[in-house]
1. What do you reckon, is TYR194 within 27 Å of VAL75 (Cα to Cα), of a type in the set (Phe, Trp, Tyr) and either touching a Gly at 6+ places or on another chain (Cβ under 6 Å) or in contact (Cβ under 8 Å) with a residue 60 or more places away in the chain (or both)?
2. Quick one: in the range 59-96, of everything that is surrounded by 12 or more Cβ atoms within 10 Å (Cβ to Cβ) and of a type in the set (Lys, Arg), which residue is farthest from the chain's Cα centre (by Cα)?
3. Would you check which residues across the range 148-173 are of a type outside the set (Ser, Thr, Tyr) and free of Cβ contacts under 8 Å to residues at least 40 places away in the same chain and list them?
4. In the range 195-216, what residues are among the polar types (S, T, N, Q) and modelled with pLDDT under 95?
5. Can you tell me which residues in the range 122-147 are assigned to a helix (DSSP H, G or I) and in contact (Cβ under 8 Å) with a residue 60 or more places away in the chain?
6. Do any strands (runs of 3 or more DSSP E) entirely within the range 50-103 hold 2 or more residues that are more than 23 Å from LYS157 (Cβ to Cβ) and touching a strand residue (DSSP E or B) at 6+ places or on another chain (Cβ under 9 Å), and if so, which?
Amino acid sequence: MAGQGHTNPFLGARHTVAAVALCCLILNIFPAAAAWADYLITGPSGETIGTSGYWIQGSLLYSDEGREPLNAYEVPSIRADDLTEEQVELRNRAMQEFRAQVLALLDQEEDIFRVHADQLKEMSGDGEPVDEVLDPDRRKELKREFRSRDKALEDLKAAWNELRLPDYSLLMMRDIKILQIVSLEASVEQALNYVESGDPTNLAYAREHLRQAKSFQESFLEALPWSEQQSGSGPDS
């Protein structure tokens, strides 16, 4: 029996072992990086990764801690973990900045979309061959415009791909927009081929790709994280 003022070494040892075991259990169940994180990312192998913040650019997901980027398409989910009011405000501010960038890009796209649709109508005429609808000077002018438009669309697509997405939920919206631009690029290419060759098949393809671009635009508007429908890209006709 231990006397007053003495410590039972066996009791102390048992407490130490119990404390170590408890710590190990906690670390195994809740990884240190995830236990006090603001966002919990489910990794490709099902692991939980904690981070104080993240963004998506291109196909990669970056963390504020500077870890190796993840393939965003291999991340099943990301959830916020009890954000403070300040953190919510920061997130809202990032979303507002993103929205402003998106609207600026949509303004550029709207002009391209409208002019291209009008020119397809011009080239179509009432079904006559292209050399009867367009004189040689106009055909040369359209060739220059289509080549310039193709470059503008390539730049627009790159701008969308380089956007920093502040939220995982924006990834699908961004990808739909890129698919829309790809369809519009294909329409421009076929329109150029039609002006050069006069083959009506090219004109039919140009119209079909434009129709697809309009369809993607509808899907894009549905995926917008805000209700505003003023993006306007794509004429109704």
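The values are calculated or read from the model by the stated rules, or taken from the named source; none is laboratory data. Nothing here was measured: the structure is a model prediction, and the numbers come from that model. Please note: Cβ atoms are built from the backbone with ideal geometry, for glycine as well, and neighbour counts cover all protein chains shown.
1. Details: within 27 Å of VAL75 (Cα to Cα): no; of a type in the set (Phe, Trp, Tyr): yes; either touching a Gly at 6+ places or on another chain (Cβ under 6 Å) or in contact (Cβ under 8 Å) with a residue 60 or more places away in the chain (or both): yes.
Considered against the rule, which asks whether it is within 27 Å of VAL75 (Cα to Cα), of a type in the set (Phe, Trp, Tyr) and either touching a Gly at 6+ places or on another chain (Cβ under 6 Å) or in contact (Cβ under 8 Å) with a residue 60 or more places away in the chain (or both), TYR194 comes out as no.
2. ARG67
3. So in the range 148-173, the residues of a type outside the set (Ser, Thr, Tyr) come out as 149-167, 170-173.
Selection gives ARG149, LYS151, GLU154, ASP155, LYS157, ALA158.
4. Hit for the range 195-216 is SER197, nothing else.
5. Within the range 122-147, the subset assigned to a helix (DSSP H, G or I) is 122-124, 130-133, 136-147.
Within the range 122-147, MET123, SER124, VAL130, ASP131 meet the criteria.
6. On the way: elements: 54-57, 60-63, 77-80.
Output list reads 77-80.
Yes or no, residue by residue, for (1) of a type outside the set (Gly, Ala, Ser); (2) at positive phi; (3) in contact with an Asp or Glu (Cβ under 6 Å, 6 or more places away or on another chain):
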site	(1), (2), (3)
ILE49	yes, no, no
SER52	no, no, yes
LEU61	yes, no, no
ALA80	no, no, no
LYS121	yes, no, no
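Every residue, every condition in (1) surrounded by fewer than 16 Cβ atoms within 10 Å (Cβ to Cβ); (2) out of contact with any Lys or Arg (no Cβ under 9 Å at 6 or more places or on another chain); (3) over 21 Å from TYR62 (Cβ atoms); (4) aromatic (Phe, Trp, Tyr), yes or no:
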position	(1), (2), (3), (4)
PHE98	no, no, no, yes
GLU109	no, no, yes, no
ARG139	no, yes, yes, no
SER148	yes, yes, yes, no
LEU153	no, yes, yes, no
LEU156	no, yes, yes, no
GLU185	no, no, yes, no
VAL188	no, no, yes, no
